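Have a look at the structure below before the remarks.
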Amino acid sequence: MAIVAHGVRLVGRSLVVLSAAFLATACAHGPSPAPKAEPEKMGKEEDRLGPGQHTAMVDGMPIVYHVHGQGPVVLAHSGGPGCGWSYLRMPEVEQFATIVYIEPIGTGASGRLADPAQYSRQLDTANVEGLRAHLGIQKITLLGHSYGGFVALTYALTYPDHVRALILYDTAPMSGPERQKDVVANMEWSRNEPWFADAKSAFDDEDRAQSDEEQTRIFARAVPFYIANWSKRRHELEGKLPSIQIFVERSHRQKAGVPQVEVPSQRLVVLPNIGHLAHLEAPQEHARIIKDFLTQLE
């Protein structure tokens, strides 16, 4: 069954696609070479999923990850591309699941590449695989939010034997000019809002920032597009948003489109009147959906 969704920056509803299975074949070009996790840098196996911050060395590059919660393990990849991991913290989900939050390469405390042109969705995907190997988990449950959903889909196509389940959180089954047209068209719903002109200007400038600080400031101005009913909920949610840090190594990840894919055994959940950040806008409902799904996997 094909996913029919245009979730990214779709103000007014949030989409969660949950899949207990994925395609049994890899991409047409064949699987990518498995990245190497370096054993001498990994620490004791029993400590790799302990609470707190950890570092995995993948192909010579430090990939930092954070472990919170208790229960079945879920790897979580943030959006952007270029968003810092902490905005995706889901305390309600951590009540019943152990969440491994990845700091994608080029963000936070993870390593940075000398050549920004080398950042790509394929590299992010390979780093997820390197982290999986580091953790010693044969089949993972992978949650991808927004751009992180593109990474999750690419991972499942590239490493299908290591996928137990996917949670595709407000993402899309394809990326490219058509999806971008939908994104821009949806913004017009807010044209009469007092914040529209400044937020639209910030959105147009997202890929022009020259520093992490500038990128974060630009995103803060564009936030109203990501939250449903921003004018009414601004004072309620504003305090939760400063943790959304954006890093400049993002443009090359954006260039490659995601092919349209089909996900069998999938469940689509739509949260009405919720924007792009359901875990902040409706945390209890968001957690309930994920808990129900994880329970079905047991």
On a 28 Å Cα-Cα criterion, which of the cross-link pairs 139/181; 181/291; 200/291; 200/232 come out too long?
139/181; 181/291; 200/291
Which FRET efficiency value, to the nearest 0.05, is calculated for residue 268 and residue 139 with the Förster distance at 22 angstrom and r the Cβ-Cβ distance?
0.45
So, R0 is 41 Å and r is the distance between the beta-carbons of residue 213 and residue 186; what FRET efficiency does that work out to, to 0.05?
0.90
Take residue 220 and residue 70, extend 7 Å from each Cα along the Cα→Cβ direction, and tell me the distance between the two endpoints in nm.
3.7
So if each residue of separation counts as 0.36 nm, and I subtract the Cα-Cα distance between residue 291 and residue 240, what length gain in nm does that give?
16.1 nm
Note: probe point = Cα of residue 59 + 7 Å toward Cβ; backbone nitrogen < 20 Å; residues of the stretch 158-201 passing the test are 158-163
Per DSSP, loop trypsin sites (Lys or Arg not before Pro) in the stretch 101-162 with at most 16 further Cβ within 10 Å:
112, 139
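Each reported figure results from applying straightforward, stated rules to the coordinates on display, with no laboratory input. Predicted, not measured: the structure shown is a model, and the values here were computed from it. Ideal geometry is used to build each Cβ from the backbone, glycine not excepted, and the neighbour counts take in all protein chains shown.
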